[in-house]
Every structure is written in C-alpha cells, then in structure tokens.
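Remarks on the structure that follows.
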Amino acid sequence: FGQAAVDIPFSGTDGTTNISLAVGLDQAATACIDPALGESDLPPFPPAGVFDIRFDLAPYGCPALSTLNDYRNAAAFPFSGSVQHLLWWQVTTPGVSAIQFTYNLPTGASMTIVDNITGTLLNLGPFTGSGVATIPASYTAFGTKAYLNMTYTNIGGVAAPIFNIAPANLPFGNVEVGATSMLQATVTNTGTAALVISNIVSSDA
C-alpha cells in the first residue's frame, strides 16, 4: 500500500480494546474505499458488549461501507480547508463507557468532535498538537455516532514559508539628510517552514 500524503493516525478506546484509526489527505483519495492507500471495508460490528469504532462512509456517497482509515481528496498541496468524517462506535457499556482518543496532530491541522444529531449535544475542541479527547459516557448512553471535523491550514506538500507583510506600502514622505524616520510593518509566516529575512535592500539608495 502507498501512504497518504497527509497521514494522521490516532487511536480510540473505551478502556478495553485500543483501536487504531487515521484520517488525512491525498490527491488520489476519494470519499469511498481507496485500497491503494490501505483503506478496506470492515465486517459488521461484533456482538454487543465488545468495543468497536470506525468511520461510516455512508453519508459521503458510499452506502454500507465503513473503514478504519478515511483519507480524502486534496486537489493540490499545500491544502487549506475543512473535511468532515463520521465516527461510528459500539461501546462495552453504553452510559458507563467513555471513549478516549489519543491524538498527535501535525502543524496546520486541528480537529473538533460534535454530535451528528443536533450539533449541540456534544462539542469538543478544537484540538491541536498532542493530547486526549474524551466523548463522555453521558453521550454514549444514547449516541453511537459523531462528526470528526478536520481543519487544515497550508498542510502537505513541500515545506515552505509563506511571506506576508502589512502594510504593503510604507509612506515615509520626505526624510531630510541626516534625519531618521520610523514606520512599523508586521511580517507573518503562515507556511510550513521557517521564514528567513536577510540582506534587505532599498530600491532607492
């Protein structure tokens, strides 16, 4: 199998079995099953009382399909935008078992987890960096699904800085010989690598 260009593994557990999951982006990915990226359809859920968690692909045009890895298409890299996934689970004991996700998100990625019913019953995040997100047992008492929303900012592709300066023009006006004039400018880097500024040259010596 090939690896997705942006591969974000994490894991979920209700305190019993630990299950590995992954989301991410690739220019060859679709919303359905992509065997070349290691995705495969899963069998039905095990008997009640056994923890299982997966991604439900039905809302994205792939009925009756579910998978542990859910990679989606990026037309080009670096990519900025939001992608929705649908988590689907069976906990050991509904109303008693909480679900914990251990994550390590790369720079440029954040995630939220919200319920798929009204969008107000569960609202976790946004999460960045490393940590643990918990769906409480009070939600697993009745909920078996939730949206995992990923937000990406200039992720993937070759790491590069993105230079921005504001304001674009600095109107100094007339500066007398021997005098000094100062104006403030702000430089920002929204890219994926360090920005180095050196050898600044004036267009008018």
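The values are calculated or read from the model by the stated rules, or taken from the named source; none is laboratory data. Please read these numbers as outputs of a predicted model, since none were measured by experiment. Glycine also receives a Cβ, built like all others from the backbone with ideal geometry; neighbour counts cover every protein chain displayed. All accessible areas refer to the heavy atoms of the entire protein, side chains included, with ligands and DNA or RNA removed. Shrake-Rupley method; radii C 1.70, N 1.55, O 1.52, S 1.80 Å.
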- Message: If each DSSP helix of 4+ residues adds -39,500 (n - 2.57) and the sum is divided by the residues in the chain, what number results at 222 nm, nearest 500 deg cm²/dmol?
- Response: -500 deg cm²/dmol
- Using a Gaussian network model of the chain with C-alpha springs under 10 Å, which one of GLY81, GLY173, GLY49 is most mobile by mean-square fluctuation? GLY173
- With every protein chain in place, the accessible area of SER11 for a 1.4 Å probe, in Å² rounded to the nearest 10, comes to 20 Å²
- Taking the Cα centre of each part, how many Å lie between the stretch 69-117 and the stretch 1-65? 10 Å
- Message: In whole Å, what are the extents of the chain along the principal axes defined by its C-alpha atoms, from largest to smallest?
- Response: 85, 37, 26
- At 25 °C and 0.890 mPa s, the Stokes-Einstein diffusion coefficient in µm²/s for the stretch 115-205, with hydrodynamic radius from the Kirkwood sum on alpha carbon pairs, is 130 µm²/s
- How much accessible area per residue does the chain have, in Å², with a 1.4 Å probe? 55 Å²
- Task: Starting at the first residue of the stretch 83-91, write each ³J(HN,Hα) from the Karplus equation 6.51 cos²θ - 1.76 cosθ + 1.60 with θ = phi - 60°, in whole Hz, x for Gly and Pro.
- Result: 10, 9, 10, 10, 6, 9, 9, 9, 8
- Query: For ASP34, what accessible area in Å² do you get when you roll a 1.4 Å probe over the heavy atoms of the protein chains, rounding to the nearest 10?
  - Reply: 20 Å²
- Note on the structure: per DSSP, antiparallel bridges as share of beta bridges in the stretch 4-108, % nearest 5, sits at 80 percent
- Query: Mind listing the phi-derived Karplus ³J(HN,Hα) values for the stretch 161-176, rounded to whole Hz, using 6.51, -1.76 and 1.60 with θ = phi - 60°, and x for any glycine or proline?
  - Reply: x, 10, 8, 9, 9, 9, x, 6, 10, 10, x, 6, x, 7, 10, 5
- Item | chymotrypsin sites (Phe, Trp or Tyr not before Pro) restricted to the stretch 138-205 and DSSP loop, no more than 16 other C-beta within 10 Å | PHE142, PHE172
- Largest-first ellipsoid semi-axes for the stretch 64-107, taking √(5λ) over the Cα gyration tensor eigenvalues, angstrom: 29, 15, 8
